[in-house]
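Student: What follows is a single structure, and I will ask about it in a moment.
Every read-out reported here was derived from the displayed coordinates using simple, explicitly stated rules and does not represent laboratory data. Just so it is clear, the model here is predicted, and its values are computed rather than measured. Cβ sites come from the backbone with ideal geometry, for glycine too, and all protein chains shown count toward neighbours.
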Amino acid sequence: MIISAQLIDLFERNIYPAELEIDAGKIVEVRKVAHVPEGAGYLLPGFVDAHVHIESSMLPPTEFARLAVVHGTIATVSDPHEIANVLGVEGVEYMLHNARNTPFQFCFGAPSCVPATCFETAGAILDAAAVDGLLAREDIGYLSEVMNFPGVLNADPDMLTKIAAAQRLGKPVDGHAPGLRGADAERYFAAGIQTDHECFSYEEGLGKARLGVKILIREGSAAKNFEALWPLLLEFPNQIMFCSDDKHPDDLIHGHINQLVVRALEKGCPLFDVLRAACLHPVEHYRIGTGLLRPGDRADFIRISDLETFQVLETWLAGECVARQGKSLLPHQAVDTPNQFLASHRQPEDFEWQTQSSAGAIRVIGVDDGEIVTRSIEGIAPIREGRLCADPASDLLKMQW
Ligand SMILES: [Zn+2]
């Protein structure tokens with residue numbers, strides 16, 4: 001099979017008319033040609049979400065892939081942390097098993113912090129032995145976000161053993177250190193942690209980038225840091241990737257990493273730096289098996305309309321067209337669920353609680369739009385018959401457990 005279009009060569013930083021010869025799912029040859037048909041568009045390696053919890057899409061990996069390929073995404077780096085918190089290793093195995101049914105590439109990590117803190121009542125604990133067992137598997141690509149940064153700074157033996165296991169196996173170690181700066185940041189990353197996707201200000205990102213940390217610019221359904229962090233792409237183009245962290249289904253249906261590419265170009269970032277961040281850096285850092293348009297590579301690529309709107313015309317995986325003109329061509333697949341979600345019915349009274357106080361002053365977890373970092377603030381809750389009540393009018397709600 002021959003595919004022709006303008007080819008965007010991310011290695012040579014060059015664009016030229018080319019023909020791809022594809023056989024048995026691989027690129028046999030890339031030939032420069034004199035011209036290509038009008039409207040053939042541009043070919044480039046597909047987009048990669050460098051950090052996303054598939055579980056946040058409320059979909060199993062096969063269905064996530066069906067939606068993501070429409071936007072030119074061909075791979076993700078994914079921490080199965082959420083399902084591991086519910087089901088432990090069995091949950092991770094479910095994700096790995098389901099992902100085998102799609103040509104989309106999921107690079108799954110071994111969750112490093114299940115539960116995230118000892119204050120959580122998680123459904124499972126992944127200790128150093130369990131993480132070691134996961135890391136040894138060929139289908140586990142890295143140690144995922146080391147959220148327990150106090151554990152790293154205080155040399156917690158369990159945490160350090162997990163990091164050492166990844167290093168012994170030559171697998172990358174992902175960071176997660178919101179707000180960490182100065183000497184603490186230096187010590188945290190010196191422990192062998194290579195990335196961070198939690199920067200929420202430019203200064204924080206700058207400090208970490210100067211330590212040589214690879215910065216994942218995150219823009220997802222929960223946290224939105226693109227506006228704060230995009231200038232880092234100008235200063236540290238070789239250390240940047242894009243990620244969503246959490247992508248809810250109603251967002252995923254509208255777009256994915258392709259949206260960040262367009263926004264970065266609109267800010268004036270150089271084309272090749274943007275595309276290398278979106279397509280190349282995650283594949284190299286995590287050693288994902290997706291093709292990068294070189295002879296011998298798996299035939300994974302996308303065709304876009306032009307270099308301004310970046311409309312995704314086609315997405316190809318292993319030599320098959322899996323999305324065309326906004327429609328996914330990947331089949332729906334039956335889903336076997338690994339567990340059941342059982343919840344008892346709740347009454348409004350369940351969301352009230354007894355108090356001796358008459359003032360109703362309470363501590364509240366303050367949440368800001370577009371941020372996942374919370375604040376401790378004070379609020380006044382209405383009191384009815386000796387019970388503190390939620391007050392939706394002032395956005396004061398009670399968490400139920
Ligand atoms: Zn995350």
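Student: Ordered by residue, what ³J(HN,Hα) values in Hz, to whole numbers, does segment 144-151 give under the Karplus form 6.51 cos²θ - 1.76 cosθ + 1.60, where θ = phi - 60° and Gly and Pro are x?
Tutor: Using θ = phi - 60°, the values come out as 8, 2, 7, 6, 7, 6, x, x Hz.
Student: May I ask you to list the GluC sites (Glu not before Pro) in segment 328-397 that are in a DSSP loop and have at most 12 other Cβ atoms within 10 Å of their Cβ?
Tutor: Listed in order of number, the matching sites are Glu385.
Student: Report, to two decimal places, the Cα Rg of the chain normalised by 2.2 N^0.38 Å (N = number of residues).
Tutor: It is 1.07.
Student: For labels at Trp353 and Glu203 in the simple 7 Å Cα→Cβ model, what's the distance in nm?
Tutor: Rounded to a tenth, the inter-label distance reads 3.5 nm.
Student: For Arg346 and Ile253, calculate 0.36 nm times their separation in residues minus their Cα-Cα distance, and state this gained length in nm to one decimal.
Tutor: Going from the current span to full extension adds 30.3 nm.
Student: So for the chain: antiparallel DSSP bridges make up what percent, rounded to the nearest 5?
Tutor: Of all bridge pairs located within the chain, approximately 65 percent are antiparallel.
Student: Quick one: order Phe104, Phe226 by neighbouring beta-carbon count within 10 Å, fewest to most.
Tutor: Phe226, Phe104
Student: Moving on. Given labels modelled 7 Å from the Cα in the Cβ direction, how far is it in nm from Val335 to Ile15?
Tutor: 3.8
Student: I need the phi-derived Karplus couplings for segment 41-57: 6.51 cos²θ - 1.76 cosθ + 1.60, θ = phi - 60°, integer Hz, Gly and Pro marked x.
Tutor: Ordered by residue, 3J(HN,Hα) equals x, 10, 9, 8, x, x, 7, 10, 7, 7, 6, 8, 8, 4, 4, 5, 7 Hz.
Student: Multiplying the sequence separation of Leu211 and Arg384 by 0.36 nm and subtracting their Cα-Cα distance, what value in nm do you get?
Tutor: Roughly 56.9 nm would be gained on extension.
Student: Same structure, new question: Compute the distance from the alpha-carbon center of segment 196-213 to that of segment 225-275, in whole Å.
Tutor: Cα centroid of segment 196-213 versus Cα centroid of segment 225-275: 15 Å apart.
Student: Distance check, please: which entries in Lys208/Lys327; Lys171/Lys247; Lys32/Lys214; Lys267/Lys327 exceed 32 angstrom between their Cα atoms?
Tutor: Exceeds cut-off: Lys208/Lys327; Lys32/Lys214.
Student: What ranking, highest mean first, results for peptides 155-162, 213-220 when packing means the other Cβ atoms within 10 Å averaged over each residue?
Tutor: 213-220, 155-162
Student: DSSP loop (so not H, G, I, E, B), at most 16 other Cβ within 10 Å: list which trypsin sites (Lys or Arg not before Pro) in segment 304-401 pass both filters.
Tutor: Of the trypsin sites (Lys or Arg not before Pro), the ones in loops of segment 304-401 whose Cβ has at most 16 other Cβ atoms within 10 Å are Arg346, Lys398.
Student: Next question, about the same structure. Among 94-101, 107-114, how do they line up from the highest to the lowest mean number of other beta-carbon atoms within 10 Å?
Tutor: Order by mean packing, descending: 107-114, 94-101.
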